[in-house]
Every structure is written in C-alpha cells, then in structure tokens.
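The values are calculated or read from the model by the stated rules, or taken from the named source; none is laboratory data. As the structure is a computational prediction, the values presented were derived from the model and not from experiment. Neighbour counts are summed over all protein chains in view; Cβ atoms, including those assigned to glycine, are modelled from backbone coordinates with ideal geometry.
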Amino acid sequence: MHKLESIADQIRKSFDSRTAAREQALAHARQLTRACSLAIRAVHRDDTANMHAQLREARQLADTLRSSLLAHPDLYHSGYTQDALKEYVEANITCSLIRNQPLPTPEELVVEPATFLNGLAEVVGELRRRTLDILRHGYSTEAERLLGVMDEIYSVLVTMDYPDAITNGLRRQTDLARGIIEKTRGDITFSLRGGHLEKAIGNLIDRLGGSQVRGPEGDGTLPIMDEDD
C-alpha cells in the first residue's frame, strides 16, 4: 500500500495547488468587479479622470486573473471568473458608448465570445440609466443616440440563437434587454411630446401677451363701464 500513499500525496498536492489558485482568483474577481463598478459610476458622473483610473486598474486585475489561472483552465472557465470578466466587458463598453467612442472588441479585452456578449447585453441597462439622467433635463438628441445604440445591440443579440450551454444564458439577457429598450423608447417619446406641448403653450402665451384689445378711445384698453350704464 506504499504506492497508494504516494498517489494520495500527489493528489493532495494537486488539490492544495488548485485551492490556493481558486482562493486567489476569487480575491482578484472581487477586486475586478469593484473596479468595474467604480468606473461605471464615474462615467455616469462625467468624472473622466477617475473613470480612466478605474479602467486601468480593472485591466491590470483582469490580466492578473487570467495569468494566475493559466495552469487551471477549468477554474478560468468557472462561473465566478467569467462573471467578473463579464463586468469588465460591461464597464469598458459602457464607458466607450456613453462617451461616443469606438466599441472595444473581444480581442482587445481578451475575453471569451459568450462573456463579451453577456457583458454587452448588460450595457443596455446602463445606457437606459444614462438616458433617464438626460431626460430629467428635458428631451435631448443625445437620448435618441443612446436609444439607437441600444437598438443596435439588441439587433445583434437576437441573432445569437444558440443553446444556453454555448452562450452562457444569453437568451435571458436578450429578453431583458428588449424590455429595457421598450421602456426607454416610451420614456423618450413621452419626453419629446412633453417638450412639444411645452413649446406650443409657450408660443401661445407669447402671442396672447403681445396682442391687446383696443377700446374705442384708442388707448389699447376697454372703457370702464359705470354701474348706471
């Protein structure tokens, strides 16, 4: 049974190595998710300097996460790792689209295709958030631009008709994106009609305020009638 003890020792060493790699990956994944969240918050606040700083930190953490799991591909493709990288995709795309910059590619972000698409799907929610922030100040063509971007994203996602085992549940994310887009379209339409109505009322007030009813005395007012009259 000496051989069995030797086999057990090797297995324990393997498990120890995998456990250490897993714990390290979990720590990096949490840090990566936090940096991505802060980057998105910064872009919504138009804090460009902080946004860039958080994206740089996120890139370093993503690189570290990938390199630390080179010897453990099963851990790399596990849920918590890909979820963190999905947040990384979402942060980079959100910041780029809000600032009207080119869309980063999966190759540039060094992520799996399914991870990229799931991150892209979640961007729709952030674009709605940005749109609502804009509409609080009234209708804007920027809100229309963002809605157009959301439509483009959905038009791509809906063509990815593959099993969930391949896309990591993209179909559900696509359905959620469709609902978000329709709500946003309604909000923009309501804001646009409200803006038109407000403008029409303003024009009417201006016209009524600029015209006077002239009385017989020619002084622009009607004569005051005595009670006996």
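Observations, loosely collected:
- Filter result for ASP161 (exposed (fewer than 14 other Cβ atoms within 10 Å of the Cβ), touching a residue at least 12 places away in the same chain (Cβ under 8 Å), out of contact with any Pro (no Cβ under 9 Å at 6 or more places or on another chain) and of a type outside the set (Lys, Arg)): no
- Flag for ALA39 being of a type outside the set (Val, Ile, Thr) and closer than 30 Å to THR131 by Cβ: yes
- Counted residues, segment 69-82 - those being crowded, with 17+ Cβ neighbours inside 10 Å and assigned to a helix (DSSP H, G or I): 4
- Criterion: in contact with a Lys or Arg (Cβ under 7 Å, 6 or more places away or on another chain) and either not polar (S, T, N, Q) or not assigned by TED's automatic domain parsing to the domain that holds THR48 (or both) - qualifying residue of ILE134, ILE98: ILE98
- Unmet requirement for ASN168, which otherwise passes all of (1) in contact (Cβ under 8 Å) with a residue 60 or more places away in the chain; (2) at positive phi; (3) out of contact with any Leu (no Cβ under 9 Å at 6 or more places or on another chain); (4) not acidic (Asp, Glu): (3)
- Residue list for segment 45-60, filter: aliphatic (A, V, I, L, M) and under 19 Å from GLU107 (Cβ atoms): LEU55, ALA58
- ALA42 vs. criteria part of a helix (DSSP H, G or I), out of contact with any helix residue (DSSP H, G or I) (no Cβ under 7 Å at 6 or more places or on another chain) and over 18 Å from VAL111 (Cβ atoms): no
- Inside segment 107-144, residues that are outside any loop (DSSP other than H, G, I, E, B), touching a residue at least 12 places away in the same chain (Cβ under 8 Å) and under 30 Å from GLY79 (Cβ atoms) make up a count of 18.
Every residue, every condition in (1) surrounded by 10 or more Cβ atoms within 10 Å (Cβ to Cβ); (2) free of Cβ contacts under 8 Å to residues at least 40 places away in the same chain; (3) of a type in the set (Ser, Thr, Tyr), yes or no:
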site: LEU4; (1), (2), (3): no, yes, no
site: ARG12; (1), (2), (3): yes, yes, no
site: PHE15; (1), (2), (3): yes, yes, no
site: ALA20; (1), (2), (3): yes, yes, no
site: LEU26; (1), (2), (3): yes, no, no
site: ARG34; (1), (2), (3): yes, yes, no
site: SER37; (1), (2), (3): yes, no, yes
site: HIS44; (1), (2), (3): yes, no, no
site: ASP47; (1), (2), (3): yes, yes, no
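- Qualifying residues in segment 145-199 (those that are among the aliphatic types (A, V, I, L, M) and farther than 16 Å from VAL123 by Cβ) - the one modelled with the lowest pLDDT: LEU197
- Checklist (1) in contact with a helix residue (DSSP H, G or I) (Cβ under 9 Å, 6 or more places away or on another chain); (2) under 26 Å from ARG66 (Cα atoms) applied to ASP133, failing item: (2)
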